[in-house]
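Data block below; observations after.
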2 protein chains.
Amino acid sequence: MRILLVEDDAVLGMAVRDQIVADGHSVDWAQRIADAGDAVLAAAYDLILLDLMLPDGRGLDFLKARRVAGDVTPVIILTARDQISDRIAGLNAGADDYLVKPFDLFELSARIRAVGRRYGGNPNPLVRIGDLDIDLAARTLRRAGKPVRLTAREWALFEAFVQRPNVLLSKAQIEEHLYSFSDEIESNTIEVYVGRLRKKLGPDVIETVRGLGYRLGVPVGAG
Amino acid sequence: MRILLVEDDAVLGMAVRDQIVADGHSVDWAQRIADAGDAVLAAAYDLILLDLMLPDGRGLDFLKARRVAGDVTPVIILTARDQISDRIAGLNAGADDYLVKPFDLFELSARIRAVGRRYGGNPNPLVRIGDLDIDLAARTLRRAGKPVRLTAREWALFEAFVQRPNVLLSKAQIEEHLYSFSDEIESNTIEVYVGRLRKKLGPDVIETVRGLGYRLGVPVGAG
DNA sequence: ACCCACCGTTCAGGTTGCCGTCAGATGGAC
DNA sequence: GTCCATCTGACGGCAACCTGAACGGTGGGT
């Protein structure tokens, strides 16, 4: 899925872009409305992420203009919490969904999938790994058909692995995923949580690479 | 989507109708409440646009009567009176959304889509979960065969869960479902209502996932 | 006009269970 | 065997959650 990100906050933009790419989408980043205003360009995308922090409500004008021009590319609005009126105005202007900053990157993934599903007919966010059935959007997980309950942190960690199967993740990367912009940790918390996940998911799901990190192992043959 | 427009302002009615048709919906236009009062007629529509400019608050009476009669067709209220009391009265009477005239026609389209989204994708309104028999369309509920009576808010909350069984809903999502276009809330209202639902439906129906939200758990085995 | 029942919301206080941490055990690399 | 990274069981603190109660508003009944 090709995504156009219209943003003027560089830091948030990077985080968002990283998450989108991690979900397997491609993304272009338009720092200025003028860039995105090119209808021919924008029409080539499957989804537009629009930041309403842009000055003078030009984001909304952009959105309305696109709708008037008949462009029906789905649009998700990103907006600050204290600008509820903007958000409503955005929906009224034809946005398909919105997210309030600061938002969970997981929630962004869910919304993108939802919009994509609504318009593209991509049905299943379901992942199957071994005897595990995973629905990241619904946060449901079954092991051999039997429901498994994960806590918030366990979900966050598991999510990091599921998004990058077969990729080796260093502890630093995992740490960043769990505690992206807030406090750091100072102990073996990640080891503890990997252990807890193994207890719930089975011992062979997460592989330890001594000295480097961890990796989610996907069986090569038939699952 | 078939839409019934209950209106007495001819000019606005035409504009609205044009916009709706432009959105790909079909619309009928009832100029008098008496016309729409025919429940058999109204029940055939997917959405009702109700103008509260109708004299003597008969629009609200109409709305209430329909709800009492068990008709749950989504209703969007159009009104020029921006008095809060009217708005609250309308929502209390069972309206799903609210628009103050004069409104942007894009706004109307957005609301129509939102309401349609909320009620769409529910071909079979009859649901059985555990010992609960649920009819979302009729808003009737039985627990072990015995009728259970829910208030409006309780229904709204329960509906959010039933529409997405086994899916974890964050408090933000639930809030959005309950208070989509009106003001947000500032306390533990959702927790209180979850508690009330559990008291009426049984303690195991709604599962708490600490830090993430709630989930309606459907038994895996025989339901 | 008055009273009463009910609903939605808020608040305060009690309770729970997750999170992060630590210490000791385990096991691979050399 | 030694070193060191990782594993594991256990624990305290605290935020998230639950619950009973109260309050204002609305509507129905008399």
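Please treat every number below as a calculation from the coordinates, not as lab data. Computed from a predicted structure; not experimentally measured. Here the Cβ positions follow ideal geometry from the backbone for every residue, glycine too, while neighbour counts run over all protein chains shown.
Take the Cα of B:LYS200, step 7 Å toward its Cβ, do the same at A:ARG149, and the gap between the two points is 2.4 nm.
Averaged over the residues of A:153-160, the number of partner chain Cβ atoms lying within 10 Å of the residue Cβ comes to 1. Inter-part distance, region A:138-172 to region B:193-218, computed on C-alpha centroids, equals 23 Å. Placing pseudo-labels 7 Å out from each Cα toward the beta carbon at A:GLU175 and B:ASP131 gives an inter-label distance of 5.2 nm. In this simple spin-label approximation, A:VAL209 and A:ARG142 carry label points 7 Å from Cα along the Cα→Cβ vector, and these lie 3.2 nm apart.
Which entries in A:LYS200/B:LYS171; A:LYS146/B:LYS171; A:LYS199/B:LYS171; A:LYS146/A:LYS200 show an alpha-carbon gap greater than 20 Å? From the list (A:LYS200/B:LYS171; A:LYS146/B:LYS171; A:LYS199/B:LYS171; A:LYS146/A:LYS200), the Cα-Cα distance tops 20 Å for A:LYS200/B:LYS171; A:LYS146/B:LYS171; A:LYS199/B:LYS171. Going from the fewest other Cβ atoms within 10 Å to the most, the residues B:ARG215, B:ARG210 appear in the order B:ARG210, B:ARG215.
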